[in-house]
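These notes are about the structure you will find just below.
The values are calculated or read from the model by the stated rules, or taken from the named source; none is laboratory data. None of these values were measured; they are calculated from a predicted model. We place every Cβ from the backbone using ideal geometry, glycine too, and count neighbours over all the protein chains shown.
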Amino acid sequence: MTATFKKLIEKMAGQKAPGPSATFTVSHVFFALELMAGKAIGRNKLAKQLNVGEGAVRTIISRLKQAGLIQISKEGCSLTSKGLNVWKTFEEYFPTRVDIGKIDLTGAEHNYAFLVKNSGQKVRSGIEQRDAAIVAGGKRAVIIVSKNGRLAIESVSNSLEEEFPQAASQILKYIHPENNDVIVIVGAAVPQKAKHAAFAASWVLLDDH
């Protein structure tokens, strides 16, 4: 189920179309769906919110429409029932997505966090997730696993609450993990990069098999 879903979304972002190569990624598809899940949104506003050009937003809209995920009306683009089901699946994997402000763990001005459900067993050293974040424009990524009521970072801390109480308190103010959940925090120079890089690091935690 997860692998099929992942392939569907990656195919949408990676399809080859005539003309220049796509200037957007899977994260742009995700955040486009997030915006449309709230209410109908016009093309210009969508381009501005996603920080992409007119050509890229046209392609995103076209592919989402071809996939039957969105409908277009005079109010703008909104999700179809199929699109809402896809968005529901996204929300099951990533139920919390939040700007958490400045935090000591990254040293970056802007930090964005994703809660990834029941994926702690997939985090080994955290390098794979950190690499994905850096490639996507993040400055630094921190991968935290909720273990038996404690927040842990592999090879750094078995209990953030004891060793980094201020950071732990800040995280728990916004995010309420259950056992084996993963919290991905990515810092970047600008908020948009932090968001997209946090998504990229979280995305690699979804099963490919």
Completion exercise
Every listed condition ((1) at pLDDT 95 or above; (2) in a loop (DSSP other than H, G, I, E, B); (3) within 26 Å of Phe31 (Cβ to Cβ)) holds for Leu206 save (1)
Exercise for the section: Test Lys88 against the criterion of being assigned to a helix (DSSP H, G or I) and surrounded by fewer than 18 Cβ atoms within 10 Å (Cβ to Cβ), and give yes or no. Expected result: yes
Fill in the blank from the handout: Here the qualifying pairs (Cβ atoms under 6 Å; residues six or more apart or on different chains; first in the stretch 69-84 and in contact (Cβ under 8 Å) with a residue 24 or more places away in the chain and assigned by TED's automatic domain parsing to the domain that holds Leu8; second among the hydroxyl-bearing types (Ser, Thr, Tyr) and loosely packed, with under 14 Cβ neighbours inside 10 Å) come out as none
Exercise for the section: Within the stretch 102-125, count every residue that is in contact with an Asp or Glu (Cβ under 9 Å, 6 or more places away or on another chain) and either free of Cβ contacts under 8 Å to residues at least 12 places away in the same chain or not in a strand (DSSP E or B) (or both). Expected result: 9
Problem - In the stretch 70-82, the residues that are of a type outside the set (D, E, K, R) and either loosely packed, with under 13 Cβ neighbours inside 10 Å or at pLDDT below 95 (or both) - result: Ser73, Ser81
Completion exercise
Scanning the stretch 37-65 for residues that are part of a helix (DSSP H, G or I) and either within 14 Å of Thr25 (Cβ to Cβ) or in contact with a Phe, Trp or Tyr (Cβ under 6 Å, 6 or more places away or on another chain) (or both) gives Ala37, Leu50, Ala56, Val57, Thr59, Ile60, Arg63
Practice task
Please verify whether the stretch 130-147 includes one or more residues that are among the hydroxyl-bearing types (Ser, Thr, Tyr), assigned to a helix (DSSP H, G or I), surrounded by 14 or more Cβ atoms within 10 Å (Cβ to Cβ) and under 21 Å from the mean Cα position of the chain (by Cα).
Solution key: no
